[in-house]
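These notes are about the structure you will find just below.
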Amino acid sequence: MNRPIWTLPLSKHTINKLDKLGYKCCEDLIDSLDDPEKKSTFLRKHMESESEIRDMLKTPIYKTAAELDIGRDSIATFCKSIDELLNGGIQVGQITELSGAPGSGKSQLSMQLCVSVQIPVCFEGLQAEAIYVDTNSNFSELRLTEMIDAFLGHVSKVLSGPIDFKGEANSELLKSLTTASMLSKIHRVQMNDLNQLYALYTTLERHPNVKLIVVDSFVMPLYQVENSLRKNTLVHSALDLLQTIAREHDLAVVLTNDLTTAITENGAEVFPALGESFGHRVQYRLLLSKIPNQPNEYTALLKKSVEHGRSAARFTISSNGVRDLPTEQPQL
Amino acid sequence: MIRLNVPLVPDENILNNLFERNIYTVNDFLQKKTSNLQSVCNLQCKEVTKLKDCMTVKCSSPFVNGYQFYLKRPVSIFIQTGIIKLDNILGGGLFAGNIYELCGPSACGKTQLCYSILLNLIITTKKDIVYIDTKNKFSVNRIKQMLKNKCKTNNEINAILSKIHVYSILDIYKLITCLHGLKEKLEPIIFIDSLPALYLSFIGFDKNDGLCYINHICSVLKYLCNKNATIMVTNLAVKTSDSTNYFKPAIGKYWFHIPNTRLMITTIINQQQMCINITKSAYAPLNEKCILNIDNFGVS
């Protein structure tokens, strides 16, 4: 079976030209390209696309599962129960969705991750930077400062403790950790259209050490799109882009999503927005919610994961950031 | 549509003459009047007719009668999936040369079922397996976890892992190239997880190019099936546009007819279980159901 030329990602113009010259399938084209006598003037003129076409026809290389068994990095939060839920934290190279009602801690967790991604290597962190794509003006530099100060307080407490984090270089590095330096490693960008996500390519060139991209919120720019087909295109091309970036740059992508109500035969049910096809394309889905009648207690329910079954974790949001619940719960 | 070449037409000169008159393919040649071709090729009327007949025979499908076809059939047997309840409803297991579709809403356990079947197939057939991963989510950790009660030593685990060939593919053109590259492989077992992930971003443009690509993928898959490939494709189930809350397979009407067997998966709410229902099949009885458990060791 031959491969038709129109299945190649070429421009319509080139495909039509080749079709007029009688080239219907790639095998014929490659035959003619290989034989210098057969090369017509058109093919000679389009020599620049020759290597491109040959690249397009190269069979992709597979890796065996044994080769892929190298372990993935993850971004630990400051909350053990969430880390355990996600096998060590937010997975690098994957898309994680945080969905929840307003006030369920999505932005808080996102900002916490921007701090967590900067944990130095000597504390088994990634020591990297973060990009915060802000679409609904939830980004709060004051809140981040609070979280960073709490983190720095924690670091100095650990350092003064009995365990010796040796290495001069490390201590130098720790000295350079200041609120300002940490804040400067969080790159915030405001957007109101998902097409603008293409700008991430240039941002990533400038800041190659970015290991986390947060889009908070992913749905906000879509509310202004009325045509549902257009919405679909926007969502999936943005996901295509983020997926490619996540793989190429080996970084974690976190999207926040709202909840929506679906009316079914059994009454109304609450679902994450954007439907099944969006849920299909994210690798991890966390549903955050506030526990009613309990001040400052939240749950994170893992709705989708390839490695774990459905399970839940509880956390609290203090002035320091996202943390575990205190072990002894206060009686109310 | 085959391009004209020298064994099809007698010599180079005639070929060049034909090309100058914009007659490039067998189709073009057959559609031209014999009288016109006579002057172009400098041949007798008889010779041109003979040439046309030769081309028709060479370039069209040969007829085989039912008995010969029966005799030539590949001696294929059911490959057991290793999941007893699933084998029961499938009438024994997977049949080589068939396309199976696992269809269900997001997070219903499609990938989990793929992993389980994949590992069982490696253990029973000892063959290499092609796993086309379109979401960059292949998890070796999960596979290892599933193997824990099947293998004892690390060597055994590694032997199985090295039999899984993972292609990580993020666009539809690469998928087509990849499938064309698999044509030479002998009786391959192919998993595609998942097909709609590559197609969804095409929806919404005026010209629905995505469908053309999906249709071409269908024909390549069918071609591979003729060569005795066993193919498992995961597909997303989306809600129908009326508010009845039913699920239907994504990626269009044409694809609807392509799989030989469609397994619809539904989640049983708040439990680690899934319900499998055969909604299309060439040989298994329809609407047979089974309920499978998902646990640390896979689907059973």
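Read the figures in this text as sums done on the coordinates, not as results from a lab. What you see is a predicted model, and the numbers here were worked out from it, not measured in a lab. For neighbour counting, all protein chains shown are included, and Cβ atoms are generated from backbone atoms with ideal geometry for every residue, glycine included.
How do B:Lys137, B:Lys152, A:Lys63 rank when sorted from fewest to most other Cβ atoms within 10 Å of their own Cβ?
Ascending Cβ contact count within 10 Å gives the list B:Lys152, A:Lys63, B:Lys137.
How high is the FRET efficiency between A:Glu172 and A:Glu297 when r is their beta carbon distance and R₀ equals 41 Å, given to the nearest 0.05?
After rounding, the FRET efficiency stands at 0.55.
Build a GNM of chain B with springs between Cα atoms under 10 Å: which of B:Pro62, B:Pro285, B:Pro259 gets the top mean-square fluctuation?
B:Pro62
Could you point to the residue in A:Gly88, B:Phe95, B:Ile157 farthest towards the positive end of the protein assembly as shown's charge dipole, with +1 and -1 charges on the Cβ of Lys/Arg and Asp/Glu respectively?
About the Cα centre, the residue reaching furthest to the positive side is B:Phe95.
If a paramagnetic tag sat 7 Å from the Cα of B:Glu47 along the Cα-Cβ line, which residues of segment B:1-39 would have the backbone N under 11 Å from that point?
Residues B:10-11, B:14, B:38-39 qualify, since their backbone N sits under 11 Å from the label point.
Which Rg and Dmax, in Å, describe the Cα atoms of chain A?
In order Rg, Dmax, the Cα atoms of chain A give 24.7, 89 Å.
I need the chymotrypsin sites (Phe, Trp or Tyr not before Pro) found in segment B:250-300, filtered to DSSP loop residues with at most 16 other beta carbons within 10 Å of theirs.
The qualifying sites are B:Tyr283, B:Phe297.
Taking 1 over the mean of 1/r across every pair of different Cα atoms in segment A:54-121, what Kirkwood radius in Å do you get?
It is 14.7 Å.
Given H placed 1.01 Å from N in the peptide plane, which residues other than close sequence neighbours of A:Ser318 have an amide H under 5 Å from its amide H?
A:Arg323
In whole Å, what are the extents of the protein assembly as shown along the principal axes defined by its C-alpha atoms, from largest to smallest?
102, 58, 53
When the Karplus curve 6.51 cos²θ - 1.76 cosθ + 1.60 is applied with θ = phi - 60°, which whole-Hz ³J(HN,Hα) does each residue of segment A:52-69 get, with x for Gly and Pro?
4, 5, 4, 4, 4, 8, 6, 5, x, 9, 8, 10, 7, 4, 5, 6, 7, 7
Rg (Å, one decimal) plus Dmax (Å, integer) for the alpha carbons of segment B:144-300?
Expressed in Å, the Cα Rg and Dmax of segment B:144-300 come to 17.9, 55.
Go ahead and set up a Gaussian network model of chain A, Cα springs under 10 Å, then flag whichever of A:Glu52, A:Glu248, A:Glu172 fluctuates most.
A:Glu52
Return the average number of partner chain Cβ atoms within 10 angstrom of each residue Cβ along peptide B:187-199.
Taking all residues of B:187-199 together, the mean is 1.
Quote the charge dipole size of segment B:92-163 about the Cα centre in Debye, to the nearest 20; the model charges only the Cβ of Lys and Arg (+1) and of Asp and Glu (-1).
Here the size comes out at about 260 debye.
Amide H of B:Gln273: which non-local residues (sequence gap of 5 or more, or other chain) have their own amide H closer than 5 Å, using H built in the peptide plane?
B:Ile268, B:Ile294
For segment B:181-254, what number of Lys pairs, 8 or more residues apart or on separate chains, have alpha-carbon atoms under 21 Å from each other?
Taking segment B:181-254 as the scope, the lysine pair count is 8.
Grab the beta carbon distance between B:Gln272 and B:Thr240, set R0 = 45 Å, and tell me the FRET efficiency rounded to 0.05.
0.95
Grab the DSSP H runs of the protein assembly as shown that are 4 residues or longer, score each as -39,500 (n - 2.57), total them, divide by all residues and round the 222 nm result to the nearest 500 deg cm²/dmol.
-11000 deg cm²/dmol
Run the dipole for the protein assembly as shown about the Cα centre, Lys and Arg Cβ at +1, Asp and Glu Cβ at -1, nothing else charged, and hand back the magnitude in debye, nearest 20.
I would put it at about 1820 debye.
Please compute the average number of Cβ atoms from other chains found within 10 Å of each residue's Cβ in peptide A:201-213.
Mean shielding by partner chains, rounded to a whole number: 0.
Given a Förster distance of 25 Å, report the FRET efficiency between B:Lys33 and B:Ser61 from their Cβ-Cβ distance, rounded to the nearest 0.05.
Efficiency computed from Cβ-Cβ geometry: 0.45.
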